[in-house]
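A.B. asks: After the structure tokens below, expect a handful of questions from me.
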Protein chains: 4
Amino acid sequence: MAYQAGVVGGSGYTGAELLRLLSGHPDIDVVSVTGASNAGASVGSLYPSLGVAYPGLEYVPFDAAAIGELDLAFLALPHGESQRIAPELVDAVPHLVDLGADFRLPAPAYEQWYGTGHTAPELIDRFAFGLPELYRDSITQRAHAASPGCYPTAASLALAPLLAAGLVEPTGIIVDAMSGVSGAGRTLKHTSHFAEVDESVSAYGVLTHRHTAEMELALSHVSGQPAQVLFTPHLVPMVRGIHATCHARPAVDGLSTASLLATYREFYAGEPFVAVVDDPPPTKAATGGNGALLTVRFDERTGSVLAIGVIDNLVKGASGQAIQNANLLLGLPETAGLNAIGMWP
Amino acid sequence: MAYQAGVVGGSGYTGAELLRLLSGHPDIDVVSVTGASNAGASVGSLYPSLGVAYPGLEYVPFDAAAIGELDLAFLALPHGESQRIAPELVDAVPHLVDLGADFRLPAPAYEQWYGTGHTAPELIDRFAFGLPELYRDSITQRAHAASPGCYPTAASLALAPLLAAGLVEPTGIIVDAMSGVSGAGRTLKHTSHFAEVDESVSAYGVLTHRHTAEMELALSHVSGQPAQVLFTPHLVPMVRGIHATCHARPAVDGLSTASLLATYREFYAGEPFVAVVDDPPPTKAATGGNGALLTVRFDERTGSVLAIGVIDNLVKGASGQAIQNANLLLGLPETAGLNAIGMWP
Amino acid sequence: MAYQAGVVGGSGYTGAELLRLLSGHPDIDVVSVTGASNAGASVGSLYPSLGVAYPGLEYVPFDAAAIGELDLAFLALPHGESQRIAPELVDAVPHLVDLGADFRLPAPAYEQWYGTGHTAPELIDRFAFGLPELYRDSITQRAHAASPGCYPTAASLALAPLLAAGLVEPTGIIVDAMSGVSGAGRTLKHTSHFAEVDESVSAYGVLTHRHTAEMELALSHVSGQPAQVLFTPHLVPMVRGIHATCHARPAVDGLSTASLLATYREFYAGEPFVAVVDDPPPTKAATGGNGALLTVRFDERTGSVLAIGVIDNLVKGASGQAIQNANLLLGLPETAGLNAIGMWP
Amino acid sequence: MAYQAGVVGGSGYTGAELLRLLSGHPDIDVVSVTGASNAGASVGSLYPSLGVAYPGLEYVPFDAAAIGELDLAFLALPHGESQRIAPELVDAVPHLVDLGADFRLPAPAYEQWYGTGHTAPELIDRFAFGLPELYRDSITQRAHAASPGCYPTAASLALAPLLAAGLVEPTGIIVDAMSGVSGAGRTLKHTSHFAEVDESVSAYGVLTHRHTAEMELALSHVSGQPAQVLFTPHLVPMVRGIHATCHARPAVDGLSTASLLATYREFYAGEPFVAVVDDPPPTKAATGGNGALLTVRFDERTGSVLAIGVIDNLVKGASGQAIQNANLLLGLPETAGLNAIGMWP
């Protein structure tokens, strides 16, 4: 019998993407979806594409008791809201997968980057950092997981083999990344307004984007040393996709592109969702699927290392990875429900 | 055991989309894919997204004998090529599904609209017109099917209930339709060149587009009278999607939007891939899935009927419908391998 | 000495486009721009591109007395607001050019389509319908002009020669038109949200779009008989551009595409902003310029007439045409400040 | 009387953009435009937007004698072709402005990055490096100019104030830049094919892009020391625009964002086409105009400097800058014909 799951905060894009992906999951059934301001509306009224798969499903107000009876809940809420409801849920629901930022960082880092105190710091450690390729053991040993952000997923996967092997310095790392506009969510704002962002590229969150902290966390984890990253995100006129272009300084002599590619292939051997490729991967190669495509270069001329990672921000960068975490928490095959390949063109 | 299938002409977009969709089909395995100019290349080299699902698959030259040993072959060739190879295949392969135009029309209509004689006219009748919602019996009674074009699929589904019930005149029909650029295929041309077609809309094939003949064929079939359509396609700057806006003159009195919507819902009751909706459907609702979304209006003010249909041109308009036909030919559930819902956003 | 002009409502897209175009006008200087909710902000803070040309210009609150001292005012306000301020301005300002809908229609038509009474019906006749190619005499005989909407401009120019010559019936006209998203303005809404509308086409305002009334007004004017139009607008994923595909039934025998093109060329001979072209024009041909490109066809097969018109919705469809009207009202050369040609690619 | 100019190679995008911009130039008339494969075609047949301004102009085959009688010629040719025709033109035509790469680099750098010998190395020094903000004196002292590439223009302007003042190290510079697809020209290729590049971002030319050499040339020029740059270009789904995100290591203590912005404003004081802005500029702010918008940051946390520059690749990155160079060579006001501001939205 399938596990009964709820989606708390199902009216945003990551919630809708959970519903899309879970409609094909063999072992997880969505039985409840909450949406504060959309309570009473059918999911099909917000997302016509979902109406077919969930003909009777309507958004309901959040009710901790009802969620508490499920096997599993995904929290797809605006940042700050998970920590408000988590105290009621962490013991009631066997498994929580939080897609927000509330349980990704240790309390001090959270407070530094979010500029506000955490209201449930004692619960943070009950959530594994849900980047399975780098934290799989931690995830399987905990009840709950906090899926990382889209940018940290792409950049951390792209840089991890270098830091794990001590091939580059953990400081002085530069990440210039580009994201599709869906990453900014369904909330209306001028920086998501078609006529403003179509046919335009702009940097934003310069020096201060909060995903920096998650990158530094994950890269310190694999490195064993404190990592430091200067991260600059850019908004590009497409719906989905993250492209992370990452620069690091060699810590050893004798690097070559060939040896780095070999290191990457060994590091990710057997990973179902990571492909190390020879040519720079386009984000389109990942659209709609849970895969990350990576490549790496050593530039002899300037003596620096360049790594590239691409993902679909809503799948591997959010809802797909959340399901991958759920599979691990439930003891299911890690790829269950995630076999669909990307859509090209 | 799964049926062994080949894709003849797998390097274009409809071929790639067949591979994408069939990677999740429970009863059909792709064992061979041909691609004349790309022979020797891996499918992943043309379509990075496909490399994961088909790690060892390479394009091979077409070989009728090899294809003849399969249970099923999809022909995804440029118009004119299927009729050249069909004579070698129609008796050797149990089931052919042709995605091209060669076996959709009777020979005289073919010659009228394509301006050239058909080289295998005696084989045309062995292919059913592969629009299952309107020709399901014909498909199950034949060995082979010719899937219709993307525009005729959208427009015929949008108009069929009106003509089947005799509610509108079969002549004087106007179809103004819009297509994403993938409909023009992978072949390089200025009308598919990004800088030329992005941020632009243009009509093309005005008065002469060959898909007119398929619309008139299908609508005459449901009407029982000769239908006549003025079809004007437009290229719009998106990758996927067809939007057909269709106008017809009432043949009876007393029409209303409510009664027309009811007629549509009854006509398509039980159809797994057709949704009749109240609001004008956006093409995005169909992206990536095999669904068609339809709505209809009666305009009291001008006394005319307006019907709208949207599909994904590469799925319901091509490769998804081809698989739906294959399922019917093989006696499989019609929805096998086609359950994935559309991707929004 | 240049005329001193104000832009009332300069924070929306038509206001910004007025500022862009007027920055190069030899005889009109913008000395004041109002913007209710943006008062105090510099125009460059909303529109970085405008900051260079208007380094010190800030939005100010509307002040009828201040506007009353100018030679000319453009009203680029949300529908309904012009009629509230017009009583204070019509006698104080020598020339008003209204870009909204308030003074385009006779009061009864306004009330029918807008569903509300007009608050200054006695002033409507003091505004010419500002479509210079069809109403030039009326414009030069009045003090004020009301520029028509983007869709009516494109469709009326595309159909006018047919109706003026009595070649088609004035009823049964069908206009299927497509617009870029900037036509919906700068106000935030989900139907202008990038992730919702990119890669999608949808019809909207079906049967009820208010621009229908302006098309019927202009076409009745050239026809001398009451014209009736079924107008269906579609939103397409581009910033700028209108494509109007128009269908009409012949009223005479013996039409041909060649004769219709000749009729169009004669009708628009000498018009500086209308080009009659042989091939279907792409909207990109008009981007950024004040031109309208038209073509026409007679379909022998179905016996119907098809006309196509394209414009830039923000230029010929709004701010460029408003300046064209201002030039006429002021007795300047009609093309003053409007010589820039379209931008391709 | 206006100067008589020719455009050699006017059928590509930079040629078309020269025609668009020069149609409004008060002192330069285009009297001849060559286009090898398009000889005999009207410019309006390739670029409908140009037909209005150049009703009779047709592409003609290149004829050195005819060009030799002009006052000025723009060479907008594929790389490698200018050096073949320059020997016939450098003494015959008073002023050449080359938009290609042939005369930008010293011969050794040309051979290193282009992998082939230069066929007219003795002529290279007769062309100034046409980046007026950094090489104005050199341009006014020579007869001819070679306009730099789009990426080098954006990146060099963004980094120059830092290197001129010795605030950053000239080595270890990283430039991650993004370009619209028009930068790849009108030649058909899959990396400009709509369905392949829309909704996708990808890096290309990794480690080896030839524009690196021009950046190093210009930055060494302002620095007085050899500069070294690792440049990675990315293709993003828009028509126009360059966004250069540039990283450099401080060479001095005590930097701050405020002091760097002040340095930039002083460095570019009086420059008509450079705006130093506080917020990260979107590329849309430059669309259609000849401006460059720049900003700069010092990141206290990681101790590094980040500079951003945006331009329109076809205007300041190509044809607009070529006209700016022509104005300098002819002794005209540097802004002649270049006053049009950007188009937003």
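The values are calculated or read from the model by the stated rules, or taken from the named source; none is laboratory data. It should be emphasised that the depicted structure is a prediction, and the values quoted were computed from it without experimental measurement. For neighbour counting, all protein chains shown are included, and Cβ atoms are generated from backbone atoms with ideal geometry for every residue, glycine included. Just the protein is used for accessible areas: all its heavy atoms, side chains included, with ligands, DNA and RNA removed. Shrake-Rupley method; radii C 1.70, N 1.55, O 1.52, S 1.80 Å.
A.B. asks: Given the criteria in contact with a Phe, Trp or Tyr (Cβ under 6 Å, 6 or more places away or on another chain), within 21 Å of D:Arg297 (Cα to Cα), hydrophobic (A, V, I, L, M, F, W, C) and within 12 Å of chain D (Cβ to nearest Cβ), does A:Ala213 qualify?
C.D. replies: yes
A.B. asks: Check region B:186-199 and report whether any residue there is over 20 Å from C:Met238 (Cβ atoms) and in contact with a strand residue (DSSP E or B) (Cβ under 8 Å, 6 or more places away or on another chain).
C.D. replies: Looking for residues that are over 20 Å from C:Met238 (Cβ atoms) and in contact with a strand residue (DSSP E or B) (Cβ under 8 Å, 6 or more places away or on another chain), one finds at least one in region B:186-199, hence yes.
A.B. asks: Next question, about the same structure. Look through D:Tyr3, D:Tyr54 and report the one residue that is within 24 Å of D:Ser138 (Cβ to Cβ) and more than 22 Å from the chain's Cα centre (by Cα).
C.D. replies: Of the residues listed, the single one that is within 24 Å of D:Ser138 (Cβ to Cβ) and more than 22 Å from the chain's Cα centre (by Cα) is D:Tyr3.
A.B. asks: Taking A:Ala53 and the conditions (1) farther than 28 Å from A:His221 by Cβ; (2) more than 14 Å from chain B (Cβ to nearest Cβ); (3) in a loop (DSSP other than H, G, I, E, B), which numbered condition does it fall short on, given that it satisfies the others?
C.D. replies: The failed condition is (2).
A.B. asks: Can you tell me how many residues in region D:1-12 are away from chain C (no Cβ under 11 Å), of a type outside the set (A, V, I, L, M) and open to solvent by less than 50 Å² (accessible area, probe 1.4 Å)?
C.D. replies: Number satisfying all stated conditions: 4.
A.B. asks: Of the conditions (1) over 17 Å from D:Gly180 (Cα atoms); (2) open to solvent by 20 Å² or more (accessible area, probe 1.4 Å); (3) more than 11 Å from chain A (Cβ to nearest Cβ); (4) touching a helix residue (DSSP H, G or I) at 6+ places or on another chain (Cβ under 9 Å), D:Phe298 clears all except one; give me its number.
C.D. replies: D:Phe298 satisfies all of (1) over 17 Å from D:Gly180 (Cα atoms); (2) open to solvent by 20 Å² or more (accessible area, probe 1.4 Å); (3) more than 11 Å from chain A (Cβ to nearest Cβ); (4) touching a helix residue (DSSP H, G or I) at 6+ places or on another chain (Cβ under 9 Å) except (3).
A.B. asks: A:Val97 - would you say it is surrounded by 20 or more Cβ atoms within 10 Å (Cβ to Cβ), closer than 12 Å to A:Gly6 by Cα, β-branched (Val, Ile, Thr) and within 14 Å of the chain's Cα centre (by Cα)?
C.D. replies: yes
A.B. asks: When you go through B:Ile311, B:Ile323 one by one, which is the residue that is within 14 Å of chain C (Cβ to nearest Cβ) and modelled with pLDDT of 95 or more?
C.D. replies: Matching residue, one of B:Ile311, B:Ile323: B:Ile311.
A.B. asks: Does region C:214-227 hold any residues that are open to solvent by 10 Å² or more (accessible area, probe 1.4 Å) and under 19 Å from the mean Cα position of the chain (by Cα), and which are they?
C.D. replies: C:Glu216, C:Leu217, C:Ser220, C:His221, C:Val222
A.B. asks: Which is in a strand (DSSP E or B) and in contact with a helix residue (DSSP H, G or I) (Cβ under 6 Å, 6 or more places away or on another chain), of B:Ala86, B:Ala73, B:Ala109?
C.D. replies: Answer to the selection: B:Ala73.
A.B. asks: Just checking, does region B:141-149 include any residue being under 30 Å from B:Ser304 (Cα atoms) and surrounded by 22 or more Cβ atoms within 10 Å (Cβ to Cβ)?
C.D. replies: Yes, that holds for at least one residue.
A.B. asks: For region D:188-207, which residues satisfy the criterion of being open to solvent by 40 Å² or more (accessible area, probe 1.4 Å) and in contact (Cβ under 8 Å) with a residue 12 or more places away in the chain?
C.D. replies: D:Thr191, D:Tyr204, listed by residue number.
A.B. asks: Can you tell me which residue within region D:253-262, out of those that are part of a helix (DSSP H, G or I) and open to solvent by 10 Å² or more (accessible area, probe 1.4 Å), is farthest from the other protein chains (Cβ to nearest Cβ)?
C.D. replies: Filtering region D:253-262 for residues that are part of a helix (DSSP H, G or I) and open to solvent by 10 Å² or more (accessible area, probe 1.4 Å), the one farthest from the other protein chains (Cβ to nearest Cβ) comes out as D:Ala262.
A.B. asks: Within the bounds of region B:228-241, is there any residue that is in contact with a Ser or Thr (Cβ under 8 Å, 6 or more places away or on another chain), open to solvent by 30 Å² or more (accessible area, probe 1.4 Å) and charged (D, E, K, R)?
C.D. replies: No, region B:228-241 has no match at all.
A.B. asks: Another question, then. Pick out the one residue from A:Pro121, A:Pro132 that is of a type outside the set (Gly, Ala, Ser) and over 24 Å from A:Pro233 (Cα atoms).
C.D. replies: A:Pro121
A.B. asks: Continuing with this model, one more query. Test A:Glu266 against the criterion of being more than 13 Å from chain B (Cβ to nearest Cβ), assigned to a helix (DSSP H, G or I) and farther than 21 Å from A:Gly149 by Cβ, and give yes or no.
C.D. replies: yes
A.B. asks: Right, next: I'm trying to understand the selection: among the residues of region B:13-43, which are surrounded by fewer than 20 Cβ atoms within 10 Å (Cβ to Cβ) and part of a helix (DSSP H, G or I)?
C.D. replies: none
A.B. asks: Among the listed residues C:Gly320, C:Gly270, C:Gly342, identify the single one that is free of Cβ contacts under 8 Å to residues at least 60 places away in the same chain, among the small types (Gly, Ala, Ser) and open to solvent by less than 10 Å² (accessible area, probe 1.4 Å).
C.D. replies: Checking each option against the conditions leaves just C:Gly342.
A.B. asks: Among the residues of region B:238-252, is there at least one that is without any contact (Cβ under 8 Å) to a residue 24 or more places away in the chain, in a loop (DSSP other than H, G, I, E, B) and more than 14 Å from every other protein chain (Cβ to nearest Cβ)?
C.D. replies: no
A.B. asks: Working carefully through the options C:Ile124, C:Ile67, find the one that is closer than 26 Å to C:Leu157 by Cβ and open to solvent by less than 50 Å² (accessible area, probe 1.4 Å).
C.D. replies: C:Ile124
A.B. asks: D:Asp176 - would you say it is at the interface with chain A (Cβ under 8 Å from one of its Cβ atoms), touching a Cys at 6+ places or on another chain (Cβ under 9 Å), in contact (Cβ under 8 Å) with a residue 12 or more places away in the chain and open to solvent by less than 40 Å² (accessible area, probe 1.4 Å)?
C.D. replies: Yes.
A.B. asks: Further question on the same structure: So D:Asp198 clears everything in (1) within 11 Å of chain A (Cβ to nearest Cβ); (2) over 25 Å from D:Gly12 (Cα atoms); (3) of a type outside the set (Phe, Trp, Tyr) except one condition, right? Which one?
C.D. replies: Among (1) within 11 Å of chain A (Cβ to nearest Cβ); (2) over 25 Å from D:Gly12 (Cα atoms); (3) of a type outside the set (Phe, Trp, Tyr), the lone unmet condition for D:Asp198 is (2).
A.B. asks: Within region B:220-237, track down each residue that is under 19 Å from C:Arg297 (Cα atoms) and facing chain C (nearest Cβ under 8 Å).
C.D. replies: B:Gln228, B:Val229, B:Leu230, B:Thr232, B:His234 - these are the residues of region B:220-237 that are under 19 Å from C:Arg297 (Cα atoms) and facing chain C (nearest Cβ under 8 Å).
A.B. asks: Here is a further query. Might you check whether a residue that is over 20 Å from the mean Cα position of the chain (by Cα) and free of Cβ contacts under 8 Å to residues at least 60 places away in the same chain occurs anywhere in region C:146-163?
C.D. replies: no
A.B. asks: Something else about it: In region D:269-284, what residues are over 20 Å from the mean Cα position of the chain (by Cα), aliphatic (A, V, I, L, M) and within 13 Å of another protein chain (Cβ to nearest Cβ)?
C.D. replies: Correct list: D:Val277 only.
A.B. asks: To continue, here is another question. Of (1) under 19 Å from C:Val175 (Cβ atoms); (2) within 11 Å of chain B (Cβ to nearest Cβ); (3) in contact with a Lys or Arg (Cβ under 7 Å, 6 or more places away or on another chain), C:Ala292 satisfies all except one. Which?
C.D. replies: (2)
A.B. asks: Now, a different point. How many residues, within region C:24-82, are touching a Ser or Thr at 6+ places or on another chain (Cβ under 8 Å) and polar (S, T, N, Q)?
C.D. replies: Residues meeting the conditions: 3.
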